[in-house]
1. Considering the stretch 1-36 alone, what residues qualify as being in contact (Cβ under 8 Å) with a residue 40 or more places away in the chain and among the hydroxyl-bearing types (Ser, Thr, Tyr)?
2. Just name the residue that is farthest from residue 12 (Cα to Cα) out of those in the stretch 71-94 that are touching a strand residue (DSSP E or B) at 6+ places or on another chain (Cβ under 9 Å) and assigned to a loop (DSSP other than H, G, I, E, B).
3. Quick test of your reading of the structure: residue 6 fulfils all but one of (1) surrounded by 13 or more Cβ atoms within 10 Å (Cβ to Cβ); (2) of a type outside the set (Asp, Glu); (3) at positive phi. Name the failing condition by number.
4. Specify the residue that is surrounded by the most Cβ atoms within 10 Å (Cβ to Cβ); the eligible residues are those in the stretch 53-70 that are assigned to a loop (DSSP other than H, G, I, E, B) and acidic (Asp, Glu).
5. What's the number of the condition residue 39 fails, among (1) touching a residue at least 12 places away in the same chain (Cβ under 8 Å); (2) part of a strand (DSSP E or B)?
6. Limited to the stretch 16-31, what total is found for residues that are surrounded by 12 or more Cβ atoms within 10 Å (Cβ to Cβ) and over 13 Å from the mean Cα position of the chain (by Cα)?
Amino acid sequence: MFIISLTYQVSLEEIDAFIPEHVDYLNEQYAKGYFILSGRKEPRTGGVIISTISDRNELNEVLALDPFNREGLANYEVTEIVPTKASNSLKFLV
């Protein structure tokens, strides 16, 4: 499992131009079961994605499809985690 932290590298106006395509990308990854949570940072400097993909190379391939990545709009910091404890509602992740 991975936590992906995106940090915008361009103005919000440039980001906003790609939001519809980014949302389409996110929807595709949710439909495939690759992403389980995402949202923007507050203040709006980027976003965070939690992915159930277990292989870093596969994750890199998926992230390469994100228009924010493709267009060089954001940097990506990826942290791998191995869940060992969860609330009852998230036990399926452990």
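Read-outs: derived from the displayed coordinates by stated rules, not from any lab. Since we're looking at a predicted model, the values are computed, not measured. Quick reminder, even Gly has a Cβ in these numbers, built from the backbone with ideal geometry, and neighbours come from all protein chains shown.
1. 5, 7, 8, 25
2. Among them, the one singled out is 81.
3. Checking residue 6 against (1) surrounded by 13 or more Cβ atoms within 10 Å (Cβ to Cβ); (2) of a type outside the set (Asp, Glu); (3) at positive phi, the one that fails is (3).
4. Step one: filter the stretch 53-70 for residues assigned to a loop (DSSP other than H, G, I, E, B), giving 53-55, 65-66.
Of the ones still in play, those that are also acidic (Asp, Glu) are 55, 66.
Numbers: 55: 9, 66: 21.
Among those that are assigned to a loop (DSSP other than H, G, I, E, B) and acidic (Asp, Glu), it is 66.
5. Result: residue 39 passes all but (1).
6. Counting residues in the stretch 16-31 that are surrounded by 12 or more Cβ atoms within 10 Å (Cβ to Cβ) and over 13 Å from the mean Cα position of the chain (by Cα) gives 4.
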